[in-house]
Amino acid sequence: MPRATPTQRDSARQQAISVSVATGMYAISFGALSVAAGLDIWQTMALSLLVFSGGSQFAFVGVIGAGGTAAAAVATSTFLGLRNGFYGVGLAPVLRPMRAWRRAGAAQVTIDESTAVALAQPAADVDARRTGFWWTGIGVFVAWNAITVVGAVLGARIGDPAQWGLDAAAAAAFLGLLWPRLATRFAQAVAGASAVLALLLTPLLPSGLPILAAALVAVAAGWRAPREEVPE
């Protein structure tokens with residue numbers, strides 16, 4: 001099996017660091033919003049440490065902040081977090097074989113960003129993909145948890161986090177990684193259809209469900225369509 005060259009591993013590390021910094025800054029927004037929703041600093045820190053899924057965390061505090069019950073908040077955040085389980089299917093060939101303790105660590109840091117950086121590397125270079133996964137997953141974990149504390153402590157002092165553009169940082173980083181992968185008309189059509197469906201459902205469904213519905217479009221398209229080679 002071909003091994004990644006130092007240059008390819010260096011490129012994966014650079015991408016990982018960039019994504020980790022951008023995503024970590026996004027945690028200021030989460031920390032501030034969590035405290036504003038009524039959680040204390042320790043509860044906010046626990047969410048970042050144990051849940052460690054930005055979308056699920058924002059969904060949880062969003063429901064709590066809107067006056068919803070804890071059960072509703074947990075259900076909403078769980079729906080949104082289901083996608084991480086599907087990422088494991090695509091990453092399994094990259095990460096195997098692993099010892100039990102490494103599998104537990106890999107499961108904790110299997111998120112949008114670590115998956116995107118790993119799969120953005122050339123398919124034949126397993127070492128580069130592993131480098132991208134671990135550096136991104138651990139980098140985001142450290143940055144996210146550290147900066148969550150900063151956001152929680154600052155709280156209302158920073159004002160509306162959206163005014164700083166922090167609410168868009170992680171999405172922008174993920175889009176930057178995704179864009180080069182849309183190299184075929186089929187991939188572009190699936191991405192466009194998913195985006196349109198998510199936008200149409202956003203006013204109608206609870207937080208998280210429009211994204212899951214959009215993901216089903218991609219799953220259905222990939223299941224029915226013949227496998228296409230995407231230029232690396």
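Might you let me know whether the range 196-205 holds any residue that is at pLDDT below 80, under 25 Å from residue 39 (Cβ atoms) and not in a helix (DSSP H, G or I)? Don't jump to the end; show me each part of the working.
Here is the first cut: in the range 196-205, the ones at pLDDT below 80 are 205.
Pick out the ones that are also under 25 Å from residue 39 (Cβ atoms) and you get 205.
From what's left, not in a helix (DSSP H, G or I): 205.
Yes, there is a match, as at least one residue in the range 196-205 is at pLDDT below 80, under 25 Å from residue 39 (Cβ atoms) and not in a helix (DSSP H, G or I).
What number of residues within the range 92-123 satisfy the criterion of being in a loop (DSSP other than H, G, I, E, B) and touching a helix residue (DSSP H, G or I) at 6+ places or on another chain (Cβ under 6 Å)?
Taking the range 92-123 and keeping what is in a loop (DSSP other than H, G, I, E, B), we get 96-99, 109-111, 121-123.
With touching a helix residue (DSSP H, G or I) at 6+ places or on another chain (Cβ under 6 Å) added as a condition, the list becomes 109-110, 121.
Of the residues in the range 92-123, 3 are in a loop (DSSP other than H, G, I, E, B) and touching a helix residue (DSSP H, G or I) at 6+ places or on another chain (Cβ under 6 Å).
Can you tell me which residue is modelled with the highest pLDDT among those in the range 1-27 that are aliphatic (A, V, I, L, M) and surrounded by 23 or more Cβ atoms within 10 Å (Cβ to Cβ)? Write out each step before concluding.
Taking the range 1-27 as the starting set, the residues that turn out to be aliphatic (A, V, I, L, M) are 1, 4, 12, 16-17, 19, 21-22, 25, 27.
Still in the running and surrounded by 23 or more Cβ atoms within 10 Å (Cβ to Cβ): 12, 16, 19, 27.
On the way: 12: 90, 16: 93, 19: 90, 27: 87.
Within the range 1-27, the match that is modelled with the highest pLDDT is 16.
The values are calculated or read from the model by the stated rules, or taken from the named source; none is laboratory data. Note that the structure is predicted; figures quoted are calculated from it, not measured. Heads up, the Cβs are rebuilt from the backbone with ideal geometry, glycines too, and the neighbour counts pull from every protein chain shown.
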